[in-house]
Every structure is written in C-alpha cells, then in structure tokens.
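A quick write-up on the structure given underneath.
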Amino acid sequence: MIVDQRLVDAVKAGDAAQVRAALRDGAHPDARDGSGPHSPAALVIAAQAGRLDLIALLLEGGAQLGPLNPHTASALRVAVLRSHVEVVRDLVAREALAAEAASRRGSVLTSALQMGAFEPQPAVPAVLEVLLRGGATARPGEEAPLIAAVMSGSTPAVLRLLLDHGADADVRRSDGAPALVVAARRRDHAAVDVLLLAGADPDAVDGRGRTALMHAVERGDKRVAGVLLTAGADRAVRSPDGMTALLLAQGWQRQNIQFTLGEHVVGQENVPISRSLIRVTPTSVRLSGDRSMFEFWARVLLAAVDDLGDDEWEDRTSRDADTARRVAGKLRDGGRAAPTASWWEVELSDAEFAVGRKGLVESGVGEFNRFEIVDLLDDLDRQWQVCGICS
C-alpha cells in the first residue's frame, strides 16, 4: 500500500512528523521495507537508527514489539547489535525480552556477547548491563553466558560484568570442562586471571581429569601457567591417565615451562605421555614487514656471531656460525616486495628461523637499542610459539 511505503520512507528518513501523519492516515505500524520474509519492519529500521522518538510513535501506533516471524531480527536484537544503549534500555523496559520468546534465533544475551567480542566498544558493557538487569538469560541448549564469553574471547570487563551479576566462576561447558580450563585451552591469560580472582578452583578438572595448568603446559603458554601457579594451582595433580603438569612439559620437551614449574635441570628426554592436542610445526616461515626491520635483524645476528666468535656461538646455540651468516644474508638481501601488498617478504626454513631467533637471544646489545631487540624477539615468539618453532 502507498501509505505503508510512506511510513517506511518516513522512518528511513528519520522524519517523525511524516511517521505520525502516515500512521494517522492508516499505515500499518508493522509495514516492511520490501516484500520478502526477511524484509525489516519499520520498528526495526527505527531501532537500527537509534531513534527513540520513532520507536515510541510506532509502538503507540500498535507495532509488534517482538520479531514479526521466528526467523527475523527484532528491534531489540538490532539495537543490541548496534550498541544503542538507550534504545535497548527503552525496549527492555517495554518487556521486549519476553517478546523474544517468539524468536527461533539464539538468545539476545548470547548475541550481545558474540558481538561484543567481535566488535568491542565502550557501549558493550552498558548494553550487557541493561540486558542482565532486565533478566536476560541463555536459551535452553546454549552454553552458559560465562562460557560463551570465554569461548568468544570477550574482554575482561565483560567477564567481570557477568560475574558481578551472579555467574558462577566454576561453571562448566556442556562437555564438563570448567570455564578456567576453557580459558587456558584458548591461551587467554586475562580470562584465567579474572576467573581466579572471582574464586574459580585453580585445580578444577575437565572430563579427562586435566587441570587448566596441564592444558597451559601442553600449549607451552608461560603466561597462563604463571597466572595459575601464582594463584596456587597444584603442579602435582595427577590425571586418571597418570599425567602431571611436569610430565606433560617433559613429554613435549618444553624446557621453558619446566623451569616455570620449578625444575632447575632440564633436558630433552623422550618421555612418553598422553597428549591432548596436536602441535603444528611449519617447515617454512614467511616473514612480512618493512625492509629496514629485516636489515636490523641481520645486523643483530651478524654482531652476535662476531661478538661471541665462531666456536662460542656454536657452543651456545648448537648452530653453525656459517649458517648464521647465511641466514643474515637472506634477511638482508633475500627478500622481495609482496605482490599484492606494501610489505617486504622473506622466506626461511624453520631451521633458519631458529638460527635467526638465536641471534636475538644471544645478542650482546652493543650498538643496538636493547629494547628494540627484546620487543622484536617477543613479537616473533608470541606469533610462532603456538606452532612449536620456538619451544
């Protein structure tokens, strides 16, 4: 109908006077912008724009508060995803959460958590606060909100908000894994810290009897392991299959983690263990960055070899000095401009990458800024430790 389209056009234009006139002239308050089953209704369009005045006019005119059909987004869901805090507050006050029962989509709360992790912004905690105060919950079959937040990589602020509203720090995923184990498996030391501060049991186990510390050790994550140990995690806990944190560290030959666990002498013994992950070890590495950074790395590597001398370099690193010089040459001269981007690329084998890393570790600083070396090494390790190159 012409009058219905007039209403939709007025809402899209943000013209309150024309919205009022179209409703007075008989426009259907649920008029849609199109004829398809998923075409947005006028109320949804107003919510997308964050227009409280238009929302009030449409609802007073008889617009449906919930979704028009089980598969379309409601005004509340759209306002949540757009982080329109005042619109969310207004709709919740009008009982929009109860109207969501007609939807076959996931809960609005879970959608808010996922969106907050995908696109963090200051309004996210405020939107969640409104929803939680209004009684928003997960739907049957969904994971508990705290689990959903940890799994989606939500910020500590979001986790604390859920905990402040009564979430159980020891809540378990549907497979029995406690939130702390889920966070440790994701290598999320911030989430681990938040959960522990909220009272999570540092020694809670998953369905295999593995603690968060065991999972952190298997993944070679010193930060997560450090947070757990500081909170009192028991390194002596033994899982039903006979594993301890130390055995797992030895079985994966993770020497740094063995030191973290309090060992003073470590080696690379072949210790049989029951593993709960698959480690990825690339056989080659593509490095991307500005050419000046590669030249800097090459200079540091050459200086480390020269300062130590060939024999001491080989004793300290178990790498041939001539190989180190060849790697420095590749870093300095062996790259190319990326074909579809503005950065410079250098290809190294995993062995060459390890040699280059040793140059940063063994550098005596000399002419270089110490923190430039430390920061470069830290960046490289954080990116590649997960793949097993630096373990």
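The values are calculated or read from the model by the stated rules, or taken from the named source; none is laboratory data. Given the structure is predicted, the values throughout are model-derived calculations rather than measurements. Cβ placement follows ideal geometry from the backbone for every residue including glycine, while neighbour counts extend to all protein chains displayed.
Computed quantities for the displayed model
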| read-out | value |
| --- | --- |
| Test: residue in region 378-388 that is within 15 Å of Arg299 (Cα to Cα), in a helix (DSSP H, G or I) and modelled with pLDDT under 95 | no |
| Residues located in region 4-21, provided they are of a type in the set (D, E, K, R) and assigned to a loop (DSSP other than H, G, I, E, B) | Asp15 |
| Qualifying residue in region 22-38 (condition: in a helix (DSSP H, G or I), farther than 24 Å from Glu119 by Cα and touching an Asp or Glu at 6+ places or on another chain (Cβ under 9 Å)) | yes |
| Helices (runs of 4 or more DSSP H) wholly inside region 68-115 containing at least 2 residues that are surrounded by fewer than 20 Cβ atoms within 10 Å (Cβ to Cβ) and either among the polar types (S, T, N, Q) or not assigned by TED's automatic domain parsing to the domain that holds Val150 (or both) | 85-93, 96-99 |
| Residue within region 90-106 that is among the acidic types (Asp, Glu) and modelled with pLDDT under 95 present | yes |
| Qualifying residue in region 326-348 (condition: in contact with a helix residue (DSSP H, G or I) (Cβ under 9 Å, 6 or more places away or on another chain) and within 30 Å of Val217 (Cβ to Cβ)) | yes |
| Test: Val346 is among the β-branched types (Val, Ile, Thr), in contact with a strand residue (DSSP E or B) (Cβ under 7 Å, 6 or more places away or on another chain) and crowded, with 17+ Cβ neighbours inside 10 Å | yes |
| All positions within region 116-133 that are under 12 Å from the mean Cα position of the chain (by Cα) and surrounded by fewer than 19 Cβ atoms within 10 Å (Cβ to Cβ) | Ala117, Phe118, Glu119, Pro120 |
| Flag if Arg51 is closer than 23 Å to Val80 by Cα and either touching a Gly at 6+ places or on another chain (Cβ under 7 Å) or of a type in the set (Phe, Trp, Tyr) (or both) | yes |
| Selection within region 24-49 - in contact (Cβ under 8 Å) with a residue 12 or more places away in the chain, out of contact with any helix residue (DSSP H, G or I) (no Cβ under 6 Å at 6 or more places or on another chain) and over 18 Å from Gly62 (Cβ atoms) | Pro37, His38, Ala49 |
| Residue within region 54-66 that is of a type outside the set (A, V, I, L, M, F, W, C), in contact with a Pro (Cβ under 7 Å, 6 or more places away or on another chain) and more than 23 Å from Ser152 (Cβ to Cβ) present | yes |
| Selection count where residues are touching a Ser or Thr at 6+ places or on another chain (Cβ under 6 Å), touching a residue at least 12 places away in the same chain (Cβ under 8 Å) and either surrounded by fewer than 18 Cβ atoms within 10 Å (Cβ to Cβ) or farther than 17 Å from Arg275 by Cα (or both), scope region 226-257 | 2 |
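Residue-by-condition table, conditions (1) assigned by TED's automatic domain parsing to the domain that holds Asp378; (2) touching a Cys at 6+ places or on another chain (Cβ under 7 Å); (3) surrounded by 13 or more Cβ atoms within 10 Å (Cβ to Cβ):
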{"residue": "Pro272", "(1), (2), (3)": "no, no, no"}
{"residue": "Arg319", "(1), (2), (3)": "yes, no, yes"}
{"residue": "Thr323", "(1), (2), (3)": "yes, no, yes"}
{"residue": "Arg336", "(1), (2), (3)": "yes, no, no"}
{"residue": "Ala341", "(1), (2), (3)": "yes, no, no"}
{"residue": "Asp350", "(1), (2), (3)": "yes, no, yes"}
{"residue": "Phe353", "(1), (2), (3)": "yes, no, yes"}
{"residue": "Arg357", "(1), (2), (3)": "yes, yes, yes"}
